[in-house]
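S.K.: Let me begin by handing over the structure; questions about it come next.
Where a number appears in this text, it was derived from the coordinates with a stated rule and is not lab data. The model shown is predicted, which means the values in this text are computed figures rather than measured ones. Here the Cβ positions follow ideal geometry from the backbone for every residue, glycine too, while neighbour counts run over all protein chains shown.
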Amino acid sequence: MDELRKSQGFEEEKLLVLPAYYMEELSSNKLTRSLFVSDIGFFPRAQYHYRERPEGCDSHIFIYCSQGEGWIEVNGRTMPVPEHHLAVIPAGEGHRYGASAANPWSIYWFHLKGEQVADYIKLYGLDSGPLPLPAGLYAEWADNFSRCFELLTDKPYSLPVQVYVSQSMGRMLGRIGLGSGGTARDRKKKQDLERAIRYMSERLSDVIALPELAAHTGLSKQHLIYMFKQETGFPPIEYFLRMKMQKAGQLLSLTSLTVKEIAASVGVSDPYYFSRLFKKRMGASPTEYRSAPKG
């Protein structure tokens, strides 16, 4: 199996590493020296993915498993990394990690450097083991990552971009830290939200009405709307539509299905109506989205 291990080189992957001299500049600038991204990438369906650093890394490593499964070993302790979990490996700690052989992970990952990164990790207990992300953060993580990656790719040596990315990553770590624990009431809300989102994700090809979703979660329609707006920023049916359009975007990028076929696969029988829904939420028509360069 050793010869099949890969550190990178996956279809549709995204990868960016800043040069050492520029990292030195960021570490000395007062606007970025507290926290900045040195490496960032996305490895989809990363079969045979494996990395090993016995002496550790000079940056703090963050790995979010969006699909599939993987594992990490830090200082001799091996831990599974299931779907929708974030693993954090502090700088200087010997480690290995890799994808599950049976169900290889898709991961969003980045390396952080800076004076305050270790403090963020300690404050929120992010190095205690792989943490489940709150359901309301799934889409937010992907959106934040994509925005930061695209900005860094387009203008890696722009200080305003670097400051924006630094602040965005700091806020995201705070959101994760606050959402990973909480009171029994917080945990109950998290479970209710996850149950609702799981129900929607399993029915992307269907039409779901608010009363049906409320009945499944055991919540009133009013409370369900309040919870979704508070945790995701959107009412539940709008969130469901955005899940559908995100799935449609993946199909446009990764398959040769027609727009009509993709519309039907996300439960929209009218392709013209689907195109209007898609453009409103994704910022481009299906045809424009498919032809736009990715990564």
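S.K.: Please report Rg (one decimal) and Dmax (integer) in Å for the Cα set of the chain.
M.R.: 20.0, 57
S.K.: Then there's this: Where the eigenvalues come from the Cα gyration tensor of the range 239-295, what are the semi-axes √(5λ) of the equivalent ellipsoid, largest first, in whole Å?
M.R.: On the way: eigenvalues 47, 30, 22 Å².
Rounded to whole Å, the semi-axes are 15, 12, 11.
S.K.: Continuing with the same structure: With angles folded into 0 to 90 degrees, how steeply does helix 138-154 sit against the dominant principal axis of the chain? Use alpha carbons for both and round to 10.
M.R.: 60 degrees
S.K.: Under a GNM of the chain (C-alpha, springs under 10 Å), which listed residue has the highest mean-square fluctuation: Gly249, Gly129, Gly70?
M.R.: Maximum fluctuation in the GNM of the chain, among the listed residues, is at Gly249.
S.K.: Bin width 5 Å, alpha-carbon pairs only: give the P(r) of the range 184-291 as whole percents, running from 0 to the bin holding the largest distance.
M.R.: 2, 12, 23, 21, 15, 13, 9, 4, 1, 0
S.K.: DSSP beta bridges in the chain, what fraction antiparallel, as a percent rounded to 5?
M.R.: Details: 39 of 41 bridges.
Approximately 95 percent, going by the DSSP bridge assignments.
S.K.: I've got another one for you. Among 87-98, 254-265, 137-148, what's the highest-first ranking by average C-beta atoms within 10 angstrom per residue?
M.R.: Values: 87-98: 19.9, 254-265: 15.2, 137-148: 17.3.
In descending order of packing, they fall as 87-98, 137-148, 254-265.
S.K.: While we're here: Sort Val74, Val207, Val163, Val117 by Cβ crowding within 10 Å, fewest neighbours at the top. Intermediate results must be reported in sequence, preceding the final value.
M.R.: Working: Val74 20, Val207 12, Val163 15, Val117 24.
With the sparsest Cβ surroundings first, the list reads Val207, Val163, Val74, Val117.
S.K.: Same structure, new question: Taking neighbour counts of Cβ atoms within 10 Å as a proxy for exposure, in what order, fewest first, do Ser291, Ser168 appear? Present the calculation step by step, with values, prior to reporting the outcome.
M.R.: On the way: Ser291 10, Ser168 16.
If I rank by nearby Cβ atoms, fewest first, I get Ser291, Ser168.
S.K.: Neighbouring Cβ atoms within 10 Å as the yardstick, rank Ser205, Ser66 fewest first. Can you show the working numbers first?
M.R.: Working: Ser205 12, Ser66 18.
With the fewest neighbours first, Ser205, Ser66 line up as Ser205, Ser66.
S.K.: Relative contact order (percent) for the range 2-179, with alpha-carbon contacts under 8 angstrom and 6 or more residues of separation? Don't jump to the answer; show the numbers that get you there.
M.R.: Details: 347 pairs, mean separation 43.6, N = 178.
Result for the range 2-179 is 24 percent.
S.K.: May I ask you to list the lysines whose Cα is less than 17 Å away from that of Lys260, ignoring any residue fewer than eight positions away on the same chain?
M.R.: Lys244, Lys247, Lys279
S.K.: Moving on to the next point. Kindly provide the helix-only [θ] at 222 nm of the chain, computed as the sum of -39,500 (n - 2.57) over DSSP H runs of four or more divided by all residues, to the nearest 500 deg cm²/dmol?
M.R.: Working: 11 runs with 137 residues, N = 295.
Per the formula, -14500 deg cm²/dmol.
S.K.: What is the set of long-range amide H partners of Leu15 at a cut-off below 5 Å, with H atoms built 1.01 Å from backbone N?
M.R.: Phe42
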